[in-house]
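The values are calculated or read from the model by the stated rules, or taken from the named source; none is laboratory data. Everything quoted here is computed from the prediction, not taken from an experiment. When we count neighbours, we look across all protein chains shown, and the Cβ atoms used for this are built from the backbone with ideal geometry, even at glycine. In case anyone asks, the SASA skips ligands and DNA or RNA and just uses the protein heavy atoms, side chains included. Shrake-Rupley method; radii C 1.70, N 1.55, O 1.52, S 1.80 Å.
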Amino acid sequence: MNDAVVAPTIEYGTLAPMLLVFGAAVVGVLVEAFAPRYLRKSIHVPLTLLSLAGAFALVILQVVKGAVPTAPVAMGAVAVDGPSLFIWGVILVLSFVCVLMINDEGHFVASAAAVPGSADEEEAEAAGGSHTEVYPLVLFAVGGMLLFPASHDLLTMFVGLEVMSLPLYLLCGLARRRRLLSQEASMKYFLLGAFSSAFFLYGTAMIYGYAGTVSFTGINKALATGSLLDPILLLGLSLLGVGLLFKIGAAPFQAWKPDVYQGAPTPITALMASGTLVAAVGALLRVFWVALGNMDWDWRPVMWAVAALTMVVGAILAITQTDIKRMLAYSSIAHAGFLLIGVMATFDKTAQNSKSLSAILFYLLVYSLATVGAFAVVTMVRDPGGEAGHLSRWAGLGKRAPILAGIFAFFLLAFAGIPLTSGFFGKYAVFAAALASGSEAGDSLGGWMTGLVVVGVIASAIAAFFYVRVIVLMFFSEPAADGPSIAVPSTGTVAVIAISLLVTVGVGLFPQPMLDLANQAASGLFIR
Amino acid sequence: MSPWLPILMAVPVLGAIVVALLPKGSDKLAKQVTLLVSLVVLVLTLVVAVQFKTGGPRFQFQAVYDWIPSFGVKFGVGVDGIALVLIALSAVLVPIVILASWHDADGTQSADGTLITPKRSVKTYFSLLLVLEAMMIGVFAATDIFLFYVFFEAMLIPMYFMIGSYGGAQRSYAAVKFLLYSLFGGLLMLVAVIALYVVAGKNTFMFPELVGAIQDPATQKWLFAGFFIAFAIKAPLWPVHTWLPDAAAQAPAGAAVLLVGVLDKVGTFGMLRFCLELFPDAAKAFTMPIVVLAVISIIYGAIVAIGQTDMKRLIAYTSISHFGFIVMGVFAMSQVSQSGAALYMVNHGFATGALFLAAGFLIARRGSPHIADYGGVQKVTPLLAGFFLIAGLAGLSLPGLSSFVSEFMVMIGTYTSTAFGSGALAVAAIVSALAVILAAVYILWMVQRTMNGPTAESVKAFKDLNVREIVVLAPLVALIIGFGFFPKPLLDVINPTVTQTLVNVKVDNPAIAEKGAGQ
């Protein structure tokens, strides 16, 4: 009888960063259960920050040791390759700075269960209650973000997706101010997110039906020999695509972004706008390049339309926004479109392919750091009722707080891709990759790639309009008499803004070190 | 490797940082430091100009450092004759503009105590000015096309803040319009820059290495279009000129001088260097439509200028007419027309600069840019009226003043150009000559309405130019008259570069043939 169960081989060392984050999350839950209320925050904060820093150190250690595995680990479930490690590093840095922002008082509701505006709520606020569960929830979300782009089969990816999303649904509803808006955001995000997860899962089933496996290597092999016009495959491809494009907020699946970004507590918005986007783009790349790379003739034309639509929709709708967070949400949609340009730049030659991968990784790094910085500034501009979200409240900020307004203007210029900011080089890198891909002999889209870049350029010009509009408001308008106050920033917020600004300026002047890092990470491409 | 150009760019940047970091309340010191820095830059520029060898290699004072090896981008600088004179133009104009803007950010009150402009941050204004100077030098000095693009776009930002924060009533509208027009053109150019890099496949953006790299005519045409639209918006050429009157009218007089005098020259400079030399076949194919656009600009700008009621808008429209001449000269592709065009870029900077500043001084005394608000100023302030007249005459290219030489060269060069062997260019030259008459109308009528006639009640209290204002205008007038009689030093520097350009464009150049026959 051969019924002995073979224990799976798990490469604990390689997976250590992820395991550390998940472990700390579990410990966080135990702290919630056993530690007295007054002690919880002082345990959570160092625990969360240290585990994130530790995970980051472990990532660095792996890179420095050169111990990047060349095959999927954990029985083929997780691929810890160069891009994964780079994305992990970025996500860990982003989540670290976001936790610094979360730390600030006043972002989260005192008692989530209390009806908004009720006596219960007042009581909870008066008692100084707070939901320290925020910390383990964030850790779980970050763990999911690490697993999502690194998974090497569709089921693991689904698990990563859910572990990332579920805590975020909850966190979105915990804003202290404008709670109904926050709860509405949470509900919308949950419902739409659940739909998209279902799409993803259904797509997984279809692909399994076609390939007989959920492993990316297996799907890739099946595609290399099988018929590419099998309806079940095409259906699976499109369903998977919907699930993933929803997460990065590409049009026509972008509708949730403005509502959720506006309603969620700003530190959580920052985490979603940076960390989730990075993770989702990583996952998208892995599915489309690794598993479905052999059928790029099928998905690239569709992706062309999605990318063009996303850029244009994001840029045009942003113009009409009157709320700063909604505007940043639409800006994030437009940037998702720019990233899709990079996703489409695939080549036959590995060397070229790794160039466009490096462009995307670089873009993710610079965009997400500028985003976190911008949201950190948003948390500091306050009305008596909370953050001053309405754009008209920002009028004349340049006179009240010239330094803060100047920093915010700089982030906006980086989003607009003005030279001598990091954003310019990000945009340049993906545009260059796309044009090079289009000029490659035998590229199925050829001149269409140039067309996409032109669409991207026009979208950038439109986008520049609304970034510039905020600068006009801040610097060229007279301040209102009862304008918002500028919160005295905590050390954490100062650190967040300083780090983002430093990267945005530094990379804007000398991008080479960061490019080297991205090149190195992308040199081996994804493990197939 | 010559350190001169990097030093020229570093000095104003350091100056800007110092000015920005000065403690609160040291406005006067900030102005003095800014002026000092700009004078240092002027002296350094003159040192460079003196060392420039007119018979030497095309690009001199070259310095090339690795910047972004991953993209093949180098920090490459070097000047040819045309770049040198334009850098010199910038270096001359900046200290003048600083002096002219001495009180622009202080807030001004008219005689009856009403606030004309509110007090604004002096330090910011002057440090922006220095940053802009560094970028102006950089954009002309860049021999790496990517670096050129970076300066081309980045220099919009300081100008945007100078218009938007320190300009007139419609300033934010004007600033946004300026930025968006330029940015859109710049982004199209970015696509062309990347495509140039990809198609050439040389893994470099260095201009000298890319000359002749693109051979395919269709590719040339597309890339040419990308560069040309950006430069046409910048120059500006009809029909993408509409941002200039708004921006120039709303900008403070000093910023308007730099905007029209230097920033817009980047457009015509770019056409001459990049559009022509990188894409010679496309340039030749598009010559006729572009010359037509240029002629329309010349005539349209002049006619619309006549109808203006606002002095700054009027001067802006005259500039559109003048830029038409420059573009026509560039694309007529003869030695004389292109040398004339390059000379025009410099002379126009001095002439329009003087006119803007004189008008600015007039406007500062009354707080209104409307011509109808003035009359008979000459009797009250003879000095101001005199400078205004000379600057105006330079604007209409009176013989003996510098702009006459360049306008004449452009027209003669276009008329006699053999590059296309047809009479079409001659027709363009003849039509453009109409603008000479129109110019007399728009300038003299403005002078007549403001300076002559019965003295208006509102101007009786005007004070004549003070020492600072005389120091601002006198050097410009001296340059206008000096180069009007003796343009040779400028032409000696410009001519070899134009010859080289025509060689790269592969146009038959009778000037070279004659020289060859004479030797």
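Observations on the model:
- Condition met for residue B:64 (open to solvent by 30 Å² or more (accessible area, probe 1.4 Å), more than 14 Å from chain A (Cβ to nearest Cβ), assigned to a strand (DSSP E or B) and under 12 Å from residue B:5 (Cα atoms)): yes
- Residues located in the stretch B:289-306, provided they are among the β-branched types (Val, Ile, Thr) and either open to solvent by less than 30 Å² (accessible area, probe 1.4 Å) or over 10 Å from residue B:428 (Cβ atoms) (or both): B:290, B:291, B:295, B:296, B:298, B:299, B:303, B:304, B:306
- Check on residue B:351, under 21 Å from residue B:441 (Cα atoms) and surrounded by fewer than 23 Cβ atoms within 10 Å (Cβ to Cβ): no
- Taking helices (runs of 4 or more DSSP H) as the structural unit, those lying wholly within the stretch A:294-405 and holding at least 1 residues that are within 30 Å of residue A:234 (Cβ to Cβ) correspond to A:296-319, A:324-344, A:350-380.
- Residue tally, condition touching a Ser or Thr at 6+ places or on another chain (Cβ under 8 Å) and open to solvent by 20 Å² or more (accessible area, probe 1.4 Å), over the stretch A:82-104: 3
- Residues (over 20 Å from residue A:93 (Cα atoms) and crowded, with 16+ Cβ neighbours inside 10 Å) located in the stretch A:42-67: A:43
- Index of the failed condition, residue B:101 passing every other in (1) in contact with a Pro (Cβ under 8 Å, 6 or more places away or on another chain); (2) open to solvent by less than 10 Å² (accessible area, probe 1.4 Å); (3) modelled with pLDDT of 90 or more: (3)
Listed here are the residues, each with its yes/no results for (1) at positive phi; (2) buried (at least 21 other Cβ atoms within 10 Å of the Cβ); (3) hydrophobic (A, V, I, L, M, F, W, C).
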| site | (1), (2), (3) |
| --- | --- |
| B:7 | no, no, yes |
| B:27 | no, no, no |
| B:38 | no, yes, no |
| B:53 | no, no, no |
| B:81 | no, yes, no |
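- Of all residues in the stretch A:401-413 being under 15 Å from residue A:506 (Cα atoms) and away from chain B (no Cβ under 12 Å), the one that is most open to solvent (accessible area, probe 1.4 Å): A:407
- Considering the conditions (1) open to solvent by less than 20 Å² (accessible area, probe 1.4 Å); (2) away from chain B (no Cβ under 11 Å), residue A:515 is excluded by exactly one of them, (2).
- Residue A:435 vs. criteria without any contact (Cβ under 8 Å) to a residue 60 or more places away in the chain, on the phi < 0 side of the Ramachandran plot and either among the hydroxyl-bearing types (Ser, Thr, Tyr) or at the interface with another protein chain (Cβ under 8 Å from one of its Cβ atoms) (or both): yes
- Residue A:334 under 21 Å from residue A:493 (Cβ atoms), open to solvent by less than 10 Å² (accessible area, probe 1.4 Å) and not acidic (Asp, Glu): no
- Those residues of the stretch A:120-137 which are out of contact with any Leu (no Cβ under 7 Å at 6 or more places or on another chain) and in a helix (DSSP H, G or I), in sequence order: A:120, A:121, A:122, A:123, A:124, A:125, A:126, A:135, A:136
- Test: residue in the stretch B:229-238 that is basic (Lys, Arg) and under 30 Å from residue B:100 (Cβ atoms): yes
- Restricting the stretch A:485-506 to residues that are touching a Pro at 6+ places or on another chain (Cβ under 9 Å) and farther than 13 Å from residue A:411 by Cβ, the residue that is nearest to the other protein chains (Cβ to nearest Cβ) is A:506.
- Scanning the stretch A:69-81 turns up no residue that is in a helix (DSSP H, G or I) and either open to solvent by 10 Å² or more (accessible area, probe 1.4 Å) or touching a helix residue (DSSP H, G or I) at 6+ places or on another chain (Cβ under 8 Å) (or both).
- Among the candidates B:29, B:22, residue that is more than 18 Å from residue B:86 (Cβ to Cβ), more than 14 Å from chain A (Cβ to nearest Cβ) and touching a Lys or Arg at 6+ places or on another chain (Cβ under 7 Å): B:22
- Candidate set: the stretch B:459-483, residues that are in a helix (DSSP H, G or I) and of a type in the set (D, E, K, R); chosen: the one least open to solvent (accessible area, probe 1.4 Å): B:469
- The set of residues in the stretch B:134-175 that are facing chain A (nearest Cβ under 9 Å), in contact (Cβ under 8 Å) with a residue 40 or more places away in the chain and within 30 Å of residue B:4 (Cβ to Cβ) comprises B:146, B:149, B:152.
- The set of residues in the stretch B:9-25 being open to solvent by 80 Å² or more (accessible area, probe 1.4 Å) and outside any helix (DSSP H, G or I) consists of B:23, B:24.
- Pairs with Cβ under 6 Å, 6+ apart, first in the stretch A:496-508 and under 25 Å from residue B:153 (Cβ atoms), second in a helix (DSSP H, G or I) and polar (S, T, N, Q): A:504/A:422; A:507/A:422; A:508/A:422
- Failed criterion for residue B:58 (all others in (1) in a helix (DSSP H, G or I); (2) more than 14 Å from chain A (Cβ to nearest Cβ) hold): (1)
- Answer residue from the stretch B:403-427, given it is in a helix (DSSP H, G or I) and at pLDDT below 85 and is surrounded by the most Cβ atoms within 10 Å (Cβ to Cβ) among those: B:425
- Yes/no for residue A:455 being within 23 Å of residue A:356 (Cβ to Cβ), in contact (Cβ under 8 Å) with a residue 12 or more places away in the chain, more than 14 Å from chain B (Cβ to nearest Cβ) and open to solvent by 10 Å² or more (accessible area, probe 1.4 Å): no
- Some residue of the stretch A:206-216 being closer than 30 Å to residue A:71 by Cα and open to solvent by 60 Å² or more (accessible area, probe 1.4 Å): yes
- Checking residue A:100 against (1) in a helix (DSSP H, G or I); (2) in contact (Cβ under 8 Å) with a residue 12 or more places away in the chain; (3) within 27 Å of residue A:359 (Cβ to Cβ), the condition it does not meet: (3)
- Counted residues, the stretch B:390-402 - those being surrounded by 24 or more Cβ atoms within 10 Å (Cβ to Cβ) and β-branched (Val, Ile, Thr): 0
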